[in-house]
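Written out below as structure tokens is the structure these notes cover.
The values are calculated or read from the model by the stated rules, or taken from the named source; none is laboratory data. Remember, it's a predicted structure, so these values are computed and weren't measured experimentally. In this analysis, Cβ positions are derived from the backbone assuming ideal geometry, glycine residues included, and neighbour counts consider all displayed protein chains. With ligands, DNA and RNA removed, areas are computed over all heavy atoms of the protein, side chains included. Shrake-Rupley method; radii C 1.70, N 1.55, O 1.52, S 1.80 Å.
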Amino acid sequence: MAALDLPRLAALGAAEIARFRRDGYLVVERMLSEPRIAALRERFPLLFAGRFDTGIYPDEWYWREGMSLPDVTRHMANAWKADLTVARLALSADIGRAAATLCDWPGTRLGQDTIWWKPPRTKPVSHHQDTSFLDVLDPQATVTCWVTLDDTHSDAGTLEYVPGSHLWPLTPIPDGFHAPDDYRAHMRAAAAAAGVPSPEPVLITVPAGSCVFHAGEIWHGSGANLTDDRMRRAIGVHLVPEQARFSDRPGGYIYRRYQRTGDATMDESFFPILWSRSGHRTPWIEHYCETGRRQA
């Protein structure tokens, strides 16, 4: 993996940092090359067919051919453990460096990735705050790099954000995450509680290969794909501070399964450090991305 794997991220500066901290999200267009977009697209049908490079299942696998309803959004978590093409994106040092820069963290580690596949005529995903899912950690903080593999359209279930909503109070995990009747209901309730009248989401329409960095506290979700011919495939890379540790709070059904008994540290075997001001990066990452093995 090259020292600068995603050169578009090198352009982030003071103006981008200020915009991210004001709005809670930052759009970076055309981050990925066309060959890399194509390679990632090719992995989606293989992943959801259970054809894994490493032989290891992802931590979540929501939607199975012949078993699941055809009109729900397909979703996986921690596909990097199963697929090396996904791993080369999710374990990028440049994504880690950019997230640390935007949040003023000393370093970043991978919390998890998420795969999202919204074919034509699939249902919405509820508005939520990513950090609500991370009471398992101290500090309870995350930033997401959402990477789209298709041109996004307002009628095809693109991601949408409420600018400035990262400054509202953090709420509990919402009910009805997948395919709710009113996918913005939780967000509107949170806005009312924060004294914000008539919040207006911004729909992200960008070319394939673009990304959005968003704060874990911002309200976001996606509407139904109303089209008959457009895919919306995307990968979310969820990063946490390098210094994060397990909290004493209960919960965390994915994260907590990797906690050692009596030990609050986050093991780099499962939560690798992508970038640090100290110069540290989990040593096995490059070897794993080439071979699927974490040891030489």
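Within the range 76-95, work out how many residues are buried (at least 22 other Cβ atoms within 10 Å of the Cβ), touching a residue at least 60 places away in the same chain (Cβ under 8 Å) and outside any helix (DSSP H, G or I).
Going through the range 76-95 one residue at a time, the tally reaches 3.
Please name all residue pairs, on different chains or six or more residues apart, with Cβ atoms under 8 Å, provided the first residue is in the range 128-144 and is within 18 Å of Ala190 (Cα to Cα) and the second residue is acidic (Asp, Glu) and open to solvent by 10 Å² or more (accessible area, probe 1.4 Å).
Gln129/Glu217; Asp130/Glu217; Thr131/Glu217
It is to be established whether one or more residues within the range 55-66 are buried (at least 18 other Cβ atoms within 10 Å of the Cβ) and touching a Leu at 6+ places or on another chain (Cβ under 8 Å).
Yes, the range 55-66 contains a residue that is buried (at least 18 other Cβ atoms within 10 Å of the Cβ) and touching a Leu at 6+ places or on another chain (Cβ under 8 Å).
Of the numbered conditions (1) surrounded by fewer than 21 Cβ atoms within 10 Å (Cβ to Cβ); (2) under 26 Å from Ser278 (Cα atoms); (3) polar (S, T, N, Q), Ser132 fails exactly one; give the number of that condition.
Result: Ser132 passes all but (2).
Mind checking which residues of the range 136-168 are more than 17 Å from the chain's Cα centre (by Cα), open to solvent by 10 Å² or more (accessible area, probe 1.4 Å) and at negative phi?
Residues satisfying the conditions are Asp138, Pro139, Asp151, His153, Ser154, Asp155, Pro163, Leu167, Trp168.
Consider Thr85 carefully, then state whether it is polar (S, T, N, Q) and either touching a strand residue (DSSP E or B) at 6+ places or on another chain (Cβ under 6 Å) or modelled with pLDDT under 95 (or both). Step through it out loud before you land on a result.
Working: polar (S, T, N, Q): yes; either touching a strand residue (DSSP E or B) at 6+ places or on another chain (Cβ under 6 Å) or modelled with pLDDT under 95 (or both): no.
No.
Take the residues in the range 260-296 that are farther than 19 Å from Phe246 by Cα and touching a Lys or Arg at 6+ places or on another chain (Cβ under 7 Å), then tell me which one is surrounded by the most Cβ atoms within 10 Å (Cβ to Cβ).
This residue is Trp275.
Tell me, please, whether a residue that is at pLDDT 95 or above and of a type in the set (Ser, Thr, Tyr) can be found in the range 193-203.
Within the range 193-203, none of the residues are at pLDDT 95 or above and of a type in the set (Ser, Thr, Tyr).
When Ala296 is evaluated against the numbered criteria (1) more than 22 Å from Pro174 (Cβ to Cβ); (2) at pLDDT 95 or above; (3) not basic (Lys, Arg), which criterion, by number, is the only one it fails?
Exception for Ala296: condition (2).
Do the conditions hold for Ala98, that is, is it touching a strand residue (DSSP E or B) at 6+ places or on another chain (Cβ under 9 Å), modelled with pLDDT of 95 or more, among the aliphatic types (A, V, I, L, M) and over 25 Å from Gly292 (Cβ atoms)? Lay out the reasoning, then the answer.
Working: touching a strand residue (DSSP E or B) at 6+ places or on another chain (Cβ under 9 Å): yes; modelled with pLDDT of 95 or more: yes; among the aliphatic types (A, V, I, L, M): yes; over 25 Å from Gly292 (Cβ atoms): yes.
Yes: the conditions hold for Ala98.
Have a look at Arg294, Arg249, Arg260 and point out the one that is touching a residue at least 40 places away in the same chain (Cβ under 8 Å) and among the charged types (D, E, K, R).
That would be Arg249, the only listed residue that is touching a residue at least 40 places away in the same chain (Cβ under 8 Å) and among the charged types (D, E, K, R).
Within the range 169-178, restricting attention to residues that are open to solvent by less than 50 Å² (accessible area, probe 1.4 Å) and under 19 Å from Pro199 (Cα atoms), which residue is modelled with the highest pLDDT?
Within the range 169-178, the match that is modelled with the highest pLDDT is Thr171.
Could you list, in sequence order, the residues of the range 102-121 that are open to solvent by 30 Å² or more (accessible area, probe 1.4 Å) and within 17 Å of the chain's Cα centre (by Cα)?
Cys103, Trp116
I'd like to know if the range 33-40 contains one or more residues that are assigned to a strand (DSSP E or B), open to solvent by less than 10 Å² (accessible area, probe 1.4 Å) and of a type in the set (A, V, I, L, M).
Taking the range 33-40 first, the residues assigned to a strand (DSSP E or B) are none.
No: zero hits.
Could you please tell me which pairs satisfy a Cβ distance under 8 Å, a separation of 6+ or placement on different chains, a first residue in the range 55-66 that is farther than 17 Å from Leu84 by Cβ and part of a loop (DSSP other than H, G, I, E, B), and a second residue that is open to solvent by less than 80 Å² (accessible area, probe 1.4 Å) and modelled with pLDDT under 90?
Matching pairs, first to second residue: Trp63/Val72; Trp63/Thr73.
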